[in-house]
Each structure stands twice: as C-alpha cells, then as structure tokens.
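Quick note: the coordinates plus some simple rules give every number you see, no bench work behind them. These numbers come from a predicted model, not from an experiment. Here the Cβ positions follow ideal geometry from the backbone for every residue, glycine too, while neighbour counts run over all protein chains shown.
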Amino acid sequence: MTLNILFAARPERWSCYEAPLRKALESAGLDATLGMDLPPAEVDYIIYAPDSPLQDFSSYTRAKAVLSLWAGVEKITHNETLKIPLTRMVDPGLTTGMVEWVTGHVLRYHLDLDTDILRSDSRWEPRTPPLAHERNVTVFGLGALGTAVAQSLATLGFNVAGWSRSPKTLSGITCHSGHEGLKSALAHSEIGVLLLPDTSETANIVNATTLSLMPKGAYIINPGRGTLIDDTALLAALDEGQIAHATLDVFRREPLPSGHPYWAHPKVTVTPHIAAATRTSTAAENIIQNIVRGETGKSFLHLVNRDLGY
C-alpha cells in the first residue's frame, strides 16, 4: 500500500526537507506519496512544524501520528483537535550542536576568556583560572538535550549537578528534583545552563527569588526557552552584580526587537537562536524511522506527554 505523507510546514522548509525525506523513504523501502497538498482524509502521517498554517486536525481522520520537526512542541500540545499520537524531534545532530554550543560558553566563563578577548587597555594581568573540578555547573532540565550536556561537561571534569521536575539518576551527575531540590541546584550554580521545556511550571523559573539563591557573580546560559527567564529580574540582577553575565540564545519574542535592553547591556551576550539547529538529513531519517515503526506495529519514539507539555 502506498502511504500518503503530508509535509505541513512553511514552504521554505519543504525546499530543505524534500530531498532528505525522499532519500530516507527510499532507504527504508517505503512506497509513499510525499507532498504539501494531499487530501486530508487520505493522509497517513503528518510531518509537522508548529508554526504551520495547519492548526485544525479534525479532517485528518486516517492519520496515525503527527511527527514534529521541532524539539519544542508547546505550541501544539494543547490543540484540542489533535487526537492522535504526537512525537517531538530528538535529532543526533541537534544534540551534538547543543553540547558543543553550551560547552563553548561554559568554558568561556570558566576560563574568563572575555577578559583577554575584549581587552582594550594595555595592562598585563596574569591570572590562574580554576580547574574544571573546582567549578560548579548546574544544568536545569535533564531531558535528552540536558542529559547530553550534563554528561559532556562532567566528562571534562566539571562538578556538574542537574535539576529536573521529577527525580532522575545519572552517573557522575548530582541530580536534584522538585521544589526543595531547586534550591540546592541554584546554590550550586556558579554557571547555570537552562534547558527546561516551556510549560506553566517552568515559566519565569529564573526570577528575582531564584536569582538571589545563586552564588554572587554567577553566570547564566539560556539555549532553552525565552519564557524561562523573567527579563526584568535578570536585568536587575546583572545591574546589581548578583549575576556576572548572561548568554541568551532564545527570547520571548524572536527576532529580539532592536530596542530591547539585552542588546545594549554590557553583561549580556545575545545570540540569534543558533545553539542547536536541526540537521535535515538526520532529522529526516528519524522521522521516517518513526513511520516505519508505526507501520510495523511498534510504539513511536519520542512520544509527547500532553499533560506535561513535552
């Protein structure tokens, strides 16, 4: 039987994904019609981006799953017309990119590289940076990305802790969870990395209270979600010296407006949502792998828990 696979995303994504998806279908031996304009009642699978014009799934009566191209699915989890399984993107290329980006900025802060890179005077000021095992780093969020980042940093010798909503156990990582665990995790955060999902429970988790629980002069790295941070509270903590510097890759509104205080703040580094890009080749392989699983009676990988939002 020929499968009908709808690509429901913006046209510019189709131009990037069409060839990798067709290649992955051929490699998997699947006979499929793949396109952006298929009769809803005949669609078997929907490859999806949450910013797609498609928001009403009620007419897709034959579809077996919606397979998201994004790791973040908070824009679709509460869509009441979506009654079939929803999966999120867990891409090896994305994970590797996130690990490399976070590691680079952790090392930047750990070694105080900005002092020399941004130096504009002629002062000769030798210093001895601490060793990795003398630096406390906390990763907030221990999903696929957070776990990979935490384990990579631990391999480099950093004293790594992690925090998650529910208890986790990871070799070489001190894991905290829940409300009381959050306090311990914050106290450990000389460098704090935010990789939590966007949910009602994580919104503004970095606020005046939690910032005050971090060591004075701590650093914040946020490649997770813009909603995790109370921007006003962070700016105040930076001005007061409670937080030494923040590197921010994600924001409540993107692109970040030109007049936003983050752009001009001397203690903020803005990067344009580049921490972890999905690689079309590996993402396509993962999507088609899930379709194969669906066609062979196996459970889908990376299923989204609608109640939790991720």
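Based on the inverse mean of 1/r over its pairs of different Cα atoms, what is the Kirkwood hydrodynamic radius of region 223-310, in Å?
16.1
Kindly rank 183-189, 149-155 from highest to lowest mean number of other beta carbons found within 10 Å of each residue.
By packing density, highest mean first, the sequence is 149-155, 183-189.
What do you get for Rg/Rh of region 203-244 when both radii come from the Cα atoms and Rh is the Kirkwood radius?
Rounded to two decimals, Rg/Rh equals 0.92.
Measure nothing but the geometry: give the 0 to 90° angle between the long axis through the Cα atoms of 144-155 and the longest principal axis through the Cα atoms of the chain, rounded to 10°.
Taking Cα atoms only, the helix is inclined about 40 degrees.
Along the three principal axes, how long is region 60-193 when you take its alpha carbons, biggest first, rounded to the nearest angstrom?
70, 35, 23
Of 54, 159, 32, which is farthest towards the positive pole of the chain's charge dipole, taken about the Cα centre with +1 and -1 on the beta-carbons of Lys, Arg and Asp, Glu respectively?
Value: 159.
Would you please name the GluC sites (Glu not before Pro) within region 128-201 that are DSSP coil residues with at most 15 other C-beta atoms within 10 Å of their C-beta?
Counting only loop positions with at most 15 other Cβ atoms within 10 Å, the GluC sites (Glu not before Pro) in region 128-201 are 201.
Would you kindly work out the equivalent ellipsoid of region 1-142 from its C-alpha gyration tensor and give its semi-axes, the square roots of five times the eigenvalues, largest first in whole Å?
Listed largest to smallest, the semi-axes of region 1-142 are 46, 17, 14 Å.
Can you compute 3J(HN,Hα) from phi for each residue in region 219-224, using the Karplus curve 6.51 cos²θ - 1.76 cosθ + 1.60 with θ = phi - 60°, rounded to whole Hz and x for Gly and Pro?
Couplings: 10, 10, 10, 10, x, x Hz.
Would you pull out the residues with amide H under 5 Å of residue 62's amide H, same chain only if 5 or more places away, H placed 1.01 Å from N?
When sequence neighbours closer than 5 places are left aside, the close amide H contacts are 43.
Would you calculate the volume per residue, in Å³, of the smallest convex hull containing every Cα atom of region 94-270?
In region 94-270, the Cα convex hull volume per residue is 120 Å³.
Out of residues 5 or more away from residue 251 or on other chains, whose amide H comes under 5 Å of its own, with H placed 1.01 Å from N in the peptide plane?
226
Size of the dipole of the chain about the Cα centre, Lys and Arg at +1 and Asp and Glu at -1 on the beta carbon, nothing else charged, in debye to 20?
It comes to approximately 400 debye.
May I ask for the angle, rounded to the nearest 10°, between helix 280-295 and the longest principal axis of the chain, with both axes built from Cα atoms and the value confined to 0 to 90°?
50
When the Karplus curve 6.51 cos²θ - 1.76 cosθ + 1.60 is applied with θ = phi - 60°, which whole-Hz ³J(HN,Hα) does each residue of region 9-24 get, with x for Gly and Pro?
Once θ is set to phi - 60°, the couplings for region 9-24 become 8, 5, x, 5, 6, 4, 5, 7, 9, 4, 5, x, 5, 5, 5, 5 Hz.
So who's got an amide H within less than 5 Å of the one on residue 135, skipping anything under 5 residues away but keeping other chains? H placed 1.01 Å off N, in plane.
HN-HN under 5 Å from residue 135: 159.
Reachable lysines from residue 75, Cα under 22 Å, same-chain residues fewer than 8 places away excluded?
64, 83
From the phi angles alone, apply the Karplus equation (6.51, -1.76, 1.60; θ = phi - 60°) to region 25-32 and give each ³J(HN,Hα) in whole Hz, x where the residue is Gly or Pro.
Rounded to whole hertz, the list is 4, 5, 5, 7, x, 9, 8, 8.
Can you grab the distance from the C-alpha centre of region 1-31 to the C-alpha centre of region 218-294, Å, no decimals?
30
Note down, for the chain, the three equivalent ellipsoid semi-axes (square root of 5 times each alpha carbon gyration tensor eigenvalue), biggest first, whole angstrom.
40, 19, 19
Starting with the fewest neighbours, write out 145, 308, 238 ranked by other beta-carbon atoms found within 10 Å of each beta-carbon.
308, 238, 145
Given region 36-116 reduced to its alpha-carbon atoms as identical point scatterers, what log10 I(q)/I(0) does the Debye formula return at q = 0.11 Å⁻¹?
-0.45
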